[in-house]
Every structure is written in C-alpha cells, then in structure tokens.
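Asker: Got a structure here, written out as structure tokens. Questions coming.
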Amino acid sequence: MTRGTPIPETMTLHVPFRIVKRGGRKEMQMPDCVRPERTMDSTLVKALARAFRWKRMLESGEFATIAELAEREGIAPSYLTRVLRLTLLAPDIVEAILDGKPGPVVTLAKLMEPPPLGWDEQRRAWARD
C-alpha cells in the first residue's frame, strides 16, 4: 500500500506490524508497545467447549451414561462430571470467559469446584474473590 494524496471522505489507518515466519507459517507481530486488551484463557475455553460438547452427546442419546462417554473419551468419569458442571455457569460468565475477560480469579481449578446453583450467587461468588 502506498501513501498518496488522500481521497476526500476516506480515512487512512496506519497499523504498525511486521510479518515473521514461525515454523513455516507467517504470523503478524505487533510492536512491543501494543498489547491486546484481552487475552483468552485457552484452557478455560477448551474446557467449556468440551463440557458443552459432552452435554450435547448425552442429551442426544448418543451415550446413555457418563461412564460410557468417559470410557469413549478415555478419561475418568469423575473428571468428566466436574467438567460438565461448567454447563451450569451463568451465561454472562461463559460469555466473559469466551471474550477473554473472566477476571483474574476465575481459573479452571476454581470453576471445577461445585459452583453455587443460582446464577446471581455465582456472580457474587466470583466478583468478591
């Protein structure tokens, strides 16, 4: 892209970045002074995705029991049960996790504990930590 005379009613946006090769693929690298506003916790997102996928598999009748599903996935039924609890989280908490802004105290270990049953109680519990 070249800089010429600006066309009326247009906006020019300059974004400083450079392209680097990493492992055979190209990646956009931002300057050190630029930080993303939010960083997604891939561990939490992956756990949420698994939880909702497993819930859908159980609800569809693909698997009759948690034990069957756990055996198929090659994990312990107790772990599967703890991850499934993530489907009980308030929708706005799930959305915050997916948007990369769950708060500094929301970790997978904390979410794996039995959550408060009410969504308002969940919001209060994680807001005060």
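Bear in mind that the values in this text are calculations on the coordinates, not laboratory data. Note that the coordinates shown come from a computational prediction; the quantities given were computed from them, not determined experimentally. Positions of Cβ are backbone-derived with ideal geometry, glycine not excepted, and every protein chain shown enters the neighbour counts.
Asker: Can you list the HN-Hα couplings for the range 120-126, worked out from phi with the Karplus curve (6.51, -1.76, 1.60; θ = phi - 60°), rounded to whole Hz and with x for Gly and Pro?
Answerer: With the stated coefficients, the range 120-126 comes to 5, 5, 4, 4, 5, 4, 8 Hz.
Asker: Dividing the convex hull volume of the Cα atoms of the range 42-128 by its residue count, what figure in Å³ per residue is obtained?
Answerer: 93
Asker: For the range 48-61, in order, what is each residue's ³J(HN,Hα) by Karplus, 6.51 cos²θ - 1.76 cosθ + 1.60 with θ = phi - 60°, in whole Hz (x at glycine and Pro)?
Answerer: 4, 4, 4, 4, 6, 5, 5, 4, 4, 5, 6, 5, 6, x
Asker: In addition: Let me spell out the model: positive unit charges on the Cβ of Lys and Arg, negative unit charges on the Cβ of Asp and Glu, origin at the Cα centre of the range 42-128. What dipole size does that give, in debye rounded to 20?
Answerer: Dipole about the Cα centre, nearest 20: 260 debye.
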